[in-house]
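This report refers to the structure that appears directly beneath it.
The values are calculated or read from the model by the stated rules, or taken from the named source; none is laboratory data. Because the structure is a prediction, the values reported are computed rather than measured. With ideal geometry, Cβ positions are generated from the backbone for all residues, glycine too; neighbour counts draw on all protein chains shown.
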Amino acid sequence: MSHEIYRNPLNTRYASREMSAIWSAQKKHSTWRRLWVALAESQQELGLHITDVQLDEMRSTVDDIDFDAAARFERELRHDVMAHVHAWGDQCPAARKDIHLGATSCYVTDNAELIQIRESLLLTRRRIVQVIDQLAEFAILYRDLPCLGFTHMQPAQPTTVGKRATLWCWDLILDLEEIEHRLSTLRFRGVKGTTGTQATFLSLFNGNHTKVEQLDRMVTKKMGFDSRHAVTGQTYSRKVDSHVLQTLNGIGQSCHKAGSDIRLLQHRKEVEEPFGKKQIGSSAMAYKRNPMRSERMCGLARFAISMQAGADATTATQWMERSLDDSAIRRLTLPQGFLAVDACLILYRSIADGMVVYPHVIAQHLDAELPFMATEEILMAGVRAGGDRQTLHERIRVHSQEAADIVKQHGKPNDLISRLKQDTSFAGVDLDSTLDASLYIGRAPEQVDAFIAEQVDPLRTRLADDLSSDAEEVKV
């Protein structure tokens, strides 16, 4: 590997070899050749003079690509598809004259990309299902561990550690629904010709419209698709790319949200992402245990989110039947969008697999705020003991303000309960019993149980194959 040229860190540092392979030159160009074989086979079956010798020659060299020869042709021809037609023609002299017969470049480029998108969505689905599974395990483990809730990043009514994890998990389930929708509606471009009119194929079949239609259907089936675009220009509608990248954008949002939450919680020392025995948090501050994986996930998620704008603009600016300003940007956004999300989900699973929870710190933080949150229960208990609701409310308000001042102005512990104990208005109230955190978490544990049973378990059954593979290792 040369260290004198830039290499994409999505390949070298972050994403899996499996996702990188889907978008590799080998995969791309061998798929082109499989598309050319499917076209030639179908043309033969429909009566064109394509010989078995030609087909055998093509089939035997599908994966044997001379990339150096193709590069030489491209420097001369300034056309990547024709460069590979010529390079393959040199390997298949008998088939040379009929390779790419009747087709336009987008027959191989667009259809191959749709195949790559489909395979990438399937891999992304596997990754996301594995994260959902791990988060669900974490949620069950901590289903009833009370913790401080936050709204506006200010202390709010308690929840549980497990319930919070279901919020992260639910976002991913919504993303999974989008992935499955994209997979179910992904169509093959098909055999549509130069501007989508199929004029050249109509000429090849001497005006036989039925055979042209059959050709389109046959190649679609051979390449593993159930449906094809009803109409196209030279390309399939670039709205498809926008929709796909919108799905990746959504996954990026979910990863970023969870990563940010985990970073904030690690700042509070309530949870901690996995940390290697020899891992260094800082080159200067040896004590540091930084949330490196969550930070990286957030950074890659932001990159994945950014791909959407390019796809939207490309869709909006395609002229008439097509313009080539889509080519360069799509070579960047489609592979890199998938690679970035792949890396995010690998990181996410590694975090979910090894996240550490610190119950004593969580309890300490909760106890510091719980007296304020218990005031409504204290008020009701006082009324049940025979007190006047309005009088008790005023006493609680005064004591709460004074206790808050002690905390904020002097940095001392919350002494609200001791203040109330000294107030005869609350003589009939068991104030200590109101500080049981489990009184304030509502149905959080039961919600976790229901969420797993109703949302996660059916996914585990339906997508069991996606759960069967081992976790991908984080590279660095």
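Output yes when any residue across segment 460-474 is modelled with pLDDT of 95 or more and either closer than 30 Å to Met292 by Cα or more than 25 Å from the chain's Cα centre (by Cα) (or both), and no when none is.
yes
Name the one entry in Thr195, Thr220 that is under 23 Å from Trp32 (Cα atoms), surrounded by fewer than 20 Cβ atoms within 10 Å (Cβ to Cβ) and hydroxyl-bearing (Ser, Thr, Tyr).
Criteria check complete, one pass: Thr195.
Determine whether segment 3-20 contains at least one residue that is exposed (fewer than 13 other Cβ atoms within 10 Å of the Cβ) and over 30 Å from Ser350 (Cα atoms).
Yes - at least one qualifying residue is present in segment 3-20.
Please specify each residue of segment 74-87 satisfying the condition of being under 37 Å from the mean Cα position of the chain (by Cα) and not acidic (Asp, Glu).
Listed by number, the residues that qualify are Arg78, His79, Val81, Met82, Ala83, His84, Val85.
Could you say whether any residue in segment 54-74 is among the charged types (D, E, K, R), in contact with a Leu (Cβ under 7 Å, 6 or more places away or on another chain) and part of a helix (DSSP H, G or I)?
no
Could you grab the pairs with beta carbons closer than 8 Å, sequence gap of 6+ or different chains, first residue in segment 158-175 and among the small types (Gly, Ala, Ser), second one not in a helix (DSSP H, G or I)?
Matching pairs, first to second residue: Gly162/Tyr142; Gly162/Arg143; Gly162/Asp144; Gly162/Leu145; Ala165/Tyr142.
Could you count how many residues in segment 177-202 are free of Cβ contacts under 8 Å to residues at least 40 places away in the same chain and either assigned by TED's automatic domain parsing to the domain that holds Val37 or over 30 Å from Leu459 (Cβ atoms) (or both)?
4
With the structure loaded, tell me whether Ala230 is touching a residue at least 60 places away in the same chain (Cβ under 8 Å), hydrophobic (A, V, I, L, M, F, W, C) and either assigned to a helix (DSSP H, G or I) or assigned by TED's automatic domain parsing to the domain that holds Gly196 (or both) or whether it fails that test.
Against the criterion (touching a residue at least 60 places away in the same chain (Cβ under 8 Å), hydrophobic (A, V, I, L, M, F, W, C) and either assigned to a helix (DSSP H, G or I) or assigned by TED's automatic domain parsing to the domain that holds Gly196 (or both)), Ala230 does not qualify.
Name the residues in segment 373-409 that are of a type outside the set (A, V, I, L, M, F, W, C), over 19 Å from Gly442 (Cα atoms), at pLDDT below 90 and under 46 Å from the mean Cα position of the chain (by Cα), would you?
Ser400, Lys408
Among the listed residues Leu366, Leu370, identify the single one that is crowded, with 19+ Cβ neighbours inside 10 Å, under 30 Å from Ala139 (Cβ atoms), modelled with pLDDT of 90 or more and not assigned by TED's automatic domain parsing to the domain that holds Leu148.
Values: Leu370 fails: modelled with pLDDT of 90 or more.
Going through Leu366, Leu370 in turn, just one is crowded, with 19+ Cβ neighbours inside 10 Å, under 30 Å from Ala139 (Cβ atoms), modelled with pLDDT of 90 or more and not assigned by TED's automatic domain parsing to the domain that holds Leu148: Leu366.
Could you say which residue among Lys257, Lys211, Lys269 is modelled with pLDDT of 95 or more and part of a loop (DSSP other than H, G, I, E, B)?
On the way: Lys257 fails: part of a loop (DSSP other than H, G, I, E, B); Lys211 fails: part of a loop (DSSP other than H, G, I, E, B).
Just a single option satisfies the conditions, and that option is Lys269.
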